[in-house]
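Asker: Can you keep this structure in mind? I'll have questions shortly.
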Amino acid sequence: MRHGPLAELIGIALLVAVLGFAVVRPRGLPEAVVAVPAAGVVLALGLVSVPAAWRRVVELLPTVAFLAAILVLAQLVDSAGVFEWLGSRLAVACRGRPRRLLVLTFVAAASTTAVLSLDATVVLLTPVVFATASRLRLRAKPHVYACTHLANSASTLLPVSNLTNLLAFGATGLSFLSFTGLMVLPWLVAVAVELAIFLRFFRTDLVGTGRADETTESRDAPVFVLVVLGLVLVGFGVSSLFGLAPVWVAALGALVLAVREVRRGAVRPTAVLAETAPLFLLFVLGLAVVVQAVAAHGLGRLLASVVPGSAGFGGLLWMAVLAAVLANVLNNLPATLVLLPALGAHPAAGLVLAVLLGVNLGPNATYVGSLATLLWRRVLAGRGLLPTLREFLRLGALTVPLSLLAAVAALWLGLILSG
């Protein structure tokens, strides 16, 4: 393996190229177009040895498999009409009142992110929320902003809510239920802080009353799909008691819904397979190898020298802030991949959870902090509601510091109470 300043520069240049391409995606080309060749360059130049890269890929395979399963599950839930039904329920329940719609959107977005991951909130819920607000003749901006912010900040609850959580879950040494128990208070606190700021920040957009009389009809609840989702959520918790990886629970839920949707002609088997997003999964693996090269040649040692040695409140806050800053420089996925090894072979669970607070809440500060935020911009651009950079940054400057501080304090309290 080659070392030295040149190796470090090459690794950083490759990482910038991979992330830059993922952000821009010229002509809609998949992220793997650059990530996979970049990983090949890393191996060809000896920046990472083939055995080391292979070990990293093998370590990530269960995580990548779960990502594929949850992507299929989320798309099948959408195909079954769950999000359209949810939109109709939001329209009826808010009674044309914008503040009430915002609160209900927060609940819907936080729940969707926690159970189906942040991509479902961005890709599937955002268009529904936009359509609901438009149908009610309400200003859609506060509600669609809520979708992207909660796609990030509400993704801390479950190990399966975010790819970053899945990457870090094993390093915590916690069970599924223990992880959730420690993160539930930070999750609630972060969402509450976001809501309070949103109500103030968008106060001029949350005035008046919409035309609720046009949305009194509501779709029938998709009971079967909701029951399956409930069982999948319970299965995540129960499976951890028996040492069963969550990928099997997600895959079983996806299989049940796939069989149902294929039999009723709503989707084709080939479409189900396409929803596994194989090229995006290759992107994740390629990115991991490139990040491994960057971490091995300078950045990893630098981070290891500045990570806190204890999980007291100061250590947790420093770790979360460091993770948030790194997420907005590198993007939250590579930030997680770089920070976890820097914590050592047996890190304190609290420090790992603080990393997750940083890489999940921090990306609300900039567009580049999370791929989900970039995807959200594309969704809105197609509907003529592209947010201004100034407004996005102003909102992030208010929400990120306050929500991060409150969530870290809640995590610190939870760690004390648990033991």
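Asker: Just one of the numbered conditions (1) β-branched (Val, Ile, Thr); (2) in a loop (DSSP other than H, G, I, E, B); (3) closer than 25 Å to Thr336 by Cα is not true of Val207; which one?
Answerer: (3)
Asker: With respect to the numbered conditions (1) under 23 Å from Ala154 (Cα atoms); (2) open to solvent by 30 Å² or more (accessible area, probe 1.4 Å), which one is the sole condition not fulfilled by Gly344?
Answerer: For Gly344, the exception is condition (1).
Asker: Also: Pull up region 297-312, narrow it to residues that are at pLDDT 80 or above and within 15 Å of Val329 (Cβ to Cβ), then point me to the one that is surrounded by the most Cβ atoms within 10 Å (Cβ to Cβ).
Answerer: Leu303
Asker: Picking from Ala120, Ala114, which residue would you name as being closer than 27 Å to Pro341 by Cα, at pLDDT below 95 and under 11 Å from the mean Cα position of the chain (by Cα)?
Answerer: Ala114
Asker: Now for a different question. Looking at the structure I just gave you, is Thr164 within 27 Å of Pro334 (Cα to Cα), out of contact with any strand residue (DSSP E or B) (no Cβ under 8 Å at 6 or more places or on another chain), among the hydroxyl-bearing types (Ser, Thr, Tyr) and crowded, with 22+ Cβ neighbours inside 10 Å?
Answerer: So Thr164 fits the description; yes.
Asker: Here is a follow-up. Looking at the structure I just gave you, is Ala323 buried (at least 19 other Cβ atoms within 10 Å of the Cβ), over 10 Å from Leu356 (Cα atoms) and small (Gly, Ala, Ser)?
Answerer: no
Asker: For Thr132, which of the numbered conditions (1) within 23 Å of Thr388 (Cα to Cα); (2) open to solvent by 20 Å² or more (accessible area, probe 1.4 Å) fails to hold?
Answerer: (2)
Asker: What are the pairs, 6+ residues apart or on separate chains, where a residue within region 333-345 that is in a helix (DSSP H, G or I) has its Cβ under 7 Å from a residue that is of a type outside the set (A, V, I, L, M) and modelled with pLDDT of 90 or more?
Answerer: Every condition considered, the pairs that remain are Leu333/Thr164; Thr336/Thr164.
Asker: Go over the candidates Thr399, Thr388, Thr373, Thr366 one by one and state the one that is without any contact (Cβ under 8 Å) to a residue 12 or more places away in the chain, hydroxyl-bearing (Ser, Thr, Tyr) and under 30 Å from Thr132 (Cα atoms).
Answerer: Thr388
Asker: Would you mind telling me which numbered condition in (1) assigned to a helix (DSSP H, G or I); (2) open to solvent by less than 10 Å² (accessible area, probe 1.4 Å); (3) out of contact with any Phe, Trp or Tyr (no Cβ under 8 Å at 6 or more places or on another chain) Val122 fails?
Answerer: It fails just one condition, (3).
Asker: Of (1) in contact (Cβ under 8 Å) with a residue 40 or more places away in the chain; (2) over 20 Å from Ala168 (Cβ atoms); (3) open to solvent by less than 60 Å² (accessible area, probe 1.4 Å), Ser240 satisfies all except one. Which?
Answerer: (2)
Asker: Output the residue which, of all residues in region 258-287 that are of a type in the set (Lys, Arg) and assigned to a helix (DSSP H, G or I), is least open to solvent (accessible area, probe 1.4 Å).
Answerer: Arg260
Asker: What single numbered condition from (1) surrounded by 13 or more Cβ atoms within 10 Å (Cβ to Cβ); (2) among the small types (Gly, Ala, Ser); (3) closer than 25 Å to Leu124 by Cβ fails to hold for Ser175?
Answerer: So the condition that Ser175 fails would be (3).
Residue-wise test of (1) open to solvent by 70 Å² or more (accessible area, probe 1.4 Å); (2) among the β-branched types (Val, Ile, Thr).
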{"residue": "Phe224", "(1), (2)": "yes, no"}
{"residue": "Val228", "(1), (2)": "no, yes"}
{"residue": "Ala245", "(1), (2)": "no, no"}
{"residue": "Trp248", "(1), (2)": "yes, no"}
{"residue": "Val256", "(1), (2)": "no, yes"}
{"residue": "Val289", "(1), (2)": "no, yes"}
{"residue": "Val294", "(1), (2)": "no, yes"}
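Asker: Let me ask something additional. Could you check, for region 205-216, whether at least one of its residues is among the charged types (D, E, K, R) and at pLDDT 90 or above?
Answerer: yes
Asker: Let me ask something else. Only one of (1) open to solvent by 20 Å² or more (accessible area, probe 1.4 Å); (2) touching a helix residue (DSSP H, G or I) at 6+ places or on another chain (Cβ under 8 Å); (3) more than 19 Å from Leu71 (Cα to Cα) fails for Ala196. Which number is that?
Answerer: (2)
Asker: Just checking, which of Leu385, Leu375, Leu415, Leu398 is touching a helix residue (DSSP H, G or I) at 6+ places or on another chain (Cβ under 7 Å) and open to solvent by 70 Å² or more (accessible area, probe 1.4 Å)? Working first, answer last.
Answerer: Working: Leu385 fails: open to solvent by 70 Å² or more (accessible area, probe 1.4 Å); Leu375 fails: open to solvent by 70 Å² or more (accessible area, probe 1.4 Å); Leu415 fails: open to solvent by 70 Å² or more (accessible area, probe 1.4 Å).
Residue meeting the stated conditions: Leu398.
The values are calculated or read from the model by the stated rules, or taken from the named source; none is laboratory data. Predicted, not measured: the structure shown is a model, and the values here were computed from it. Cβ sites come from the backbone with ideal geometry, for glycine too, and all protein chains shown count toward neighbours. All accessible areas refer to the heavy atoms of the entire protein, side chains included, with ligands and DNA or RNA removed. Shrake-Rupley method; radii C 1.70, N 1.55, O 1.52, S 1.80 Å.
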